[in-house]
Amino acid sequence: MAHRFIRNRSSVRHGESIVKDLSLADSGRRKLKRAEVKMPGLMAVRTLSVPSKPLKDVNITCSLNITTHTGVLVEALTALGANVRLCSSNISSTDDHVAAAIARDSAIVFARDGQTPEQYWSCTARAVDWGLSTGPHLILDHGGDLTMLIYKGVEAEKEFASKGTFPDLGSTNDVASKAMLTIISESLKSDPMKYHKIKDGIVGVTMENTTGANMLLQMQNSGTLLFTAISVREFVSNIMFANNLTGGCQSLPDDLMDATDVMIAGKVVVVLGYGDTGKACAAALKQARAVVIVAEIDPVFSHQATIDGIQVQLLKDVVSMADIFVTTTGYNDMIMVEDMRKMKNDAILCNIGSSVIHIDMVGLETFPGVKKFTTSPITDRWVFTDTGRVIIVLAEGRPMNLSCATGPPSFAISTSLTNQVIALLELWNERSSGKYEKKVYEFPEHLEEEVAALHLETLGEDQADQICVQVPEEDHLPVQSAYDRYGVGQCLNVCGIVISFLTLILAVVGLVLRFGGE
């Protein structure tokens, strides 16, 4: 399928790459240089491993939000000897300057900001297609689209081989899904076993995004998982830094104000989900003096929100009174078009979670008589003509911290991206050992401790030596227990200390009373 950028005729190809404008490369290189200073763990892995080139001639396909942070990640892989083909995991999260720098200097890139769904899936297909003689050995996937394309491709090839049928484009109303099925249909005409060949050459995939990790687990449970996977989503440092400290706290209020010029103070904000990201978002919004309400189905998270002084209510009970709605979960269909019709005029909808399908954009786009007015590349006003009410949707329902801004700070995301590199090295080094089966694995705890130690060494003194980090003999999977996930383990430890202290005081008082009485 021929690829062209309809909206921007200045798009250029540098070798195989498809980027917006190669003249932006110098600006992108300056951005990458600034980010490298703030990503010590990633740079340490790169520096220590470069002489031995542990990924020499390994083909890696990456699907990422192309930012300065992930640009440093990609160039760490190429410095370790890997051949990299890179595409975006989001149609509106590509830094065109960074993409140009990478395309010019280090890897093959298929991305530009503001793609159509057709362009997006064409770029994804190009990134995974290494030609007839070879294919990717490893996949680094952010949101699961790259893995899904291979999965759907293999599935379609099986149907084509047995029945001679092509994917049914009428089976979905989603424009993006139709674009993906169209790509697969085109490949069936030229090579009816293309995705089987790609699948057979893949050692494994690393996945960072909640939606992608859940997709892999569903594949494992249904027996359709195609290759080994390591999820680097639910590791402790990612939750502590990329989610709790910066994923929502630092970016959400700024992103809202930049995109809509809204004054958050005094507004009623509904946060859908009170997991790791939801907690951070709720705290940030409370700090901005909003009235925060949480909609959450998990009873433990709901209890946590209540203890934190936040109202927990059903969406249907507050949908007509709130000013701003923020989705933060890994679940689908959180806000449907029926909910949008009940919202007050100029209500704002945004997603800082992990997938576009939190918000029913298909239902909104196809609702009878609805009209869309784009006020900026990241802000759309939707008018329900039957009621005259307007709702504002940011970034077309995609993660707004990447579409409206640049995501977490470089230092905070350095831990997560370093773990990605370590996970890829682990998969490749153990490819013939039998250590990993065709299953979904959590990131090994001892590797995470090593990554944390690398970052500690950059904070002024050798903290890693002081705390005597030791590598356990065996991996502990998963990293987090249910107690750790909810913070219960820490609470129990604190309570145990307090109870022991009180018991000691009572014992002393008892002795004093006893001997004093005598």
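Numbers at a glance
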read-out: In the range 351-390, the residues that are at pLDDT below 90, of a type in the set (A, V, I, L, M) and in a loop (DSSP other than H, G, I, E, B); value: Ile352, Ile378
read-out: Sole residue being surrounded by fewer than 19 Cβ atoms within 10 Å (Cβ to Cβ) and either closer than 19 Å to Ala127 by Cβ or touching a strand residue (DSSP E or B) at 6+ places or on another chain (Cβ under 7 Å) (or both), chosen from Asn65, Asn59; value: Asn59
read-out: Ile324 vs. criteria surrounded by 18 or more Cβ atoms within 10 Å (Cβ to Cβ) and in contact (Cβ under 8 Å) with a residue 60 or more places away in the chain; value: yes
read-out: Pairs, first farther than 13 Å from Val370 by Cα in the range 337-348, second open to solvent by 80 Å² or more (accessible area, probe 1.4 Å), C-beta under 6 Å, six or more apart; value: Asn345/Arg389
read-out: Residue check, Ile392 of a type outside the set (Ser, Thr, Tyr) and either open to solvent by 30 Å² or more (accessible area, probe 1.4 Å) or farther than 26 Å from Ile91 by Cβ (or both); value: no
read-out: The range 115-133 - residue that is open to solvent by 20 Å² or more (accessible area, probe 1.4 Å) and small (Gly, Ala, Ser) and, of those, farthest from the chain's Cα centre (by Cα); value: Ser133
read-out: Ile102 closer than 19 Å to Met207 by Cα and either hydroxyl-bearing (Ser, Thr, Tyr) or open to solvent by less than 40 Å² (accessible area, probe 1.4 Å) (or both); value: no
read-out: Filtered residues of the range 85-99 (kept if aliphatic (A, V, I, L, M) and open to solvent by 10 Å² or more (accessible area, probe 1.4 Å)); value: Ile91
read-out: Per-region count, the range 46-62, residues at pLDDT below 95 and either within 15 Å of Phe411 (Cβ to Cβ) or of a type in the set (S, T, N, Q) (or both); value: 3
read-out: Selection within the range 219-234 - part of a helix (DSSP H, G or I) and touching a residue at least 40 places away in the same chain (Cβ under 8 Å); value: Met219, Gln220
read-out: Hits in the range 62-81 (condition: under 14 Å from Trp428 (Cα atoms) and touching a Lys or Arg at 6+ places or on another chain (Cβ under 8 Å)); value: Leu80, Gly81
read-out: Among the residues listed as Met207, Met240, Met180, the single one being at pLDDT below 95 and buried (at least 18 other Cβ atoms within 10 Å of the Cβ); value: Met207
read-out: Ala156 being touching a helix residue (DSSP H, G or I) at 6+ places or on another chain (Cβ under 6 Å) and modelled with pLDDT under 95; value: no
read-out: Whichever residue in the range 212-237 is among the β-branched types (Val, Ile, Thr) and buried (at least 23 other Cβ atoms within 10 Å of the Cβ) and, among such residues, is modelled with the highest pLDDT; value: Ile230
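Residue-by-condition table, conditions (1) assigned to a loop (DSSP other than H, G, I, E, B); (2) modelled with pLDDT under 90:
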position: Asn345; (1), (2): yes, no
position: Leu349; (1), (2): no, no
position: Ile392; (1), (2): no, no
position: Leu402; (1), (2): no, yes
position: Ile413; (1), (2): no, yes
position: Ser416; (1), (2): no, yes
position: Trp428; (1), (2): no, no
position: Lys438; (1), (2): yes, no
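The values are calculated or read from the model by the stated rules, or taken from the named source; none is laboratory data. Computed from a predicted model, the values in this text were never measured in an experiment. Counting neighbours? That spans all protein chains shown, and the Cβs are built from the backbone with ideal geometry, glycine included. The protein model used for the area step is the full one, side chains on, heavy atoms only, and it has no ligands, DNA or RNA in it. Shrake-Rupley method; radii C 1.70, N 1.55, O 1.52, S 1.80 Å.
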